[in-house]
1. Check whether at least one residue in the stretch B:64-76 is in the same structural domain as B:Val190 (by TED's automatic domain parsing) and part of a loop (DSSP other than H, G, I, E, B), and report yes or no.
2. B:Thr194 - would you say it is at pLDDT 95 or above, under 30 Å from B:Thr97 (Cβ atoms) and not assigned by TED's automatic domain parsing to the domain that holds B:Trp282?
3. In this structure, is B:Thr71 among the polar types (S, T, N, Q) and within 13 Å of chain A (Cβ to nearest Cβ)?
4. Does the stretch B:342-349 include one or more residues that are in contact with a helix residue (DSSP H, G or I) (Cβ under 7 Å, 6 or more places away or on another chain), surrounded by 15 or more Cβ atoms within 10 Å (Cβ to Cβ) and free of Cβ contacts under 8 Å to residues at least 40 places away in the same chain?
5. Within the stretch B:1-55, how many residues are under 16 Å from B:Leu119 (Cα atoms), part of a helix (DSSP H, G or I) and away from every other protein chain (no Cβ under 12 Å)?
6. Of the residues that make up the stretch A:9-18, is at least one of a type in the set (D, E, K, R), farther than 25 Å from B:Arg5 by Cα and in a loop (DSSP other than H, G, I, E, B)?
7. Is it the case that some residue within the stretch B:102-121 is under 16 Å from B:His27 (Cβ atoms), touching a Lys or Arg at 6+ places or on another chain (Cβ under 7 Å) and not assigned by TED's automatic domain parsing to the domain that holds B:His291?
8. Being of a type in the set (A, V, I, L, M, F, W, C), in contact with a helix residue (DSSP H, G or I) (Cβ under 7 Å, 6 or more places away or on another chain) and within 17 Å of B:Thr18 (Cα to Cα): is that true of B:Leu60 here?
Amino acid sequence: MKIVVDFDLCESNAICMQIAPDLFEVRDDDFLYVLNEQPGDDDRARVEECVQRCPKQAISIEG
Amino acid sequence: MAGLRAAEALRRGGFEETIVLIGDEVHAPYDRPPLSKQILSGDWQPDRIALSTADKLADLDLDLRLGVRATGFDLGSRVVTTDDGRSDRVDGLLIATGSRCRTIPGTDDLDGVRVLRSLDDALTLRDDFDAGPHRVVVVGAGFIGAEVAATARGRGLEVTMVEALPVPLSRVLGHEIGVVCAEIHREQGVDLRTGVGVDAIDGGDRVERVVLSDGSVIAADVVVVGIGVVPNTEWLAGSGLQIDDGVVCDATCLAAPGVVAAGDVARWPNQRFGEMMRVEHWDNAIEQGIHSARRLLSTDSDALAFTPVPWFWSDQYDRKIQLAGSVRPDDECRIVTGSLEDRRFVTLYGREGRLVGVVGFNRPRHVMQYKTMIQDDVSFADALTAEI
């Protein structure tokens, strides 16, 4: 599983960071950083929740 | 939105029988927030806002009935009737009929008086904007009115915004932040009139002027009314369900055995805040849709209470405003980061010693971290001194 963020769409609402702070972080510069782009399958449910809850639909999963 | 997310959750939860998804709009489920921004500005075409793909919808194996309106339900017989003349006996019912915009009486036959709720509303208003109106009047400086005003200004249109309150959004965000919102609109060239009502909207076939309660008259080609919404519950009259500003549910979102509600239409006691809530936010439609779907599949003994920290955002000009929790005008209120002058700040709200709310202007990370603290039941004193 690979996390893909469309940074043209992302507006740093930080919802993903609230759901999975170990995978996503919005820093003081207000930009989103993906801390682990290729998490294990154990994390799939949480990443899927991030995909669904992202207000900008900026997150997708490959594989 | 709530309906689609609920249907997905039912399938994820292992429900393999028939799911009928009824929606009165002809469009497949779509995302509403871009309507007042990217769709209205013309930056995006409607295909950008689909909530699902044709393939994913097909995988859900739904009996999808678009352009069909639910007209009745009877709790005793468990029959749903629709305006295409059909009636279906159901085992479970998830009510997600949403809400509709309040309108100003007497303006129904006046062309150019608009609301913004649906994709069709947005495309109609976009056409109005494309036609190059001399002036757009926005009635109501709440979040939807503010976003429409911002988009119209972005398109170079002249905008007058009329607000009954002396300070816009002061009931939601408090007086000081409301003042900041008003300043931002005025700096962006909006003619903002506050503390004044609308006495009349006049014209021939098409709107020509708006008459305010202070006697002033504004010439207008387009009027956008953003004065709140009402839940769509009329179809449930006589159903046997309790209706009181929404479908009244228990703490788990159950309205009656086998009947749940979600989204704008649902009213339920949120035990986290000890108050009845009906939440009109985008994120709640998703979360409550999923919760209510799971509730339909669970037994009474293992059902969970729905206790979210409500959250929403509003993008206006270059400001991202976010609010999480339950904020009341009489809550204790403190700025913890930034300043009102910078228009980049975080304000916390405390009640009875607890952190209950957070408002941020261009501070998304902080808002989410404080939202987590609200979920974790952190005291107001600890939140004020937390390092984040």
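The values are calculated or read from the model by the stated rules, or taken from the named source; none is laboratory data. As the structure is a computational prediction, the values presented were derived from the model and not from experiment. Methodologically, a virtual Cβ is constructed for each residue, glycine included, from the backbone with ideal geometry; neighbour enumeration extends over all protein chains shown.
1. No - not one qualifying residue is present in the stretch B:64-76.
2. Judged against the criteria, B:Thr194 is not a match.
3. The answer is no for B:Thr71.
4. Yes - at least one qualifying residue is present in the stretch B:342-349.
5. Here the count works out to 7.
6. No, the stretch A:9-18 has no match at all.
7. yes
8. yes
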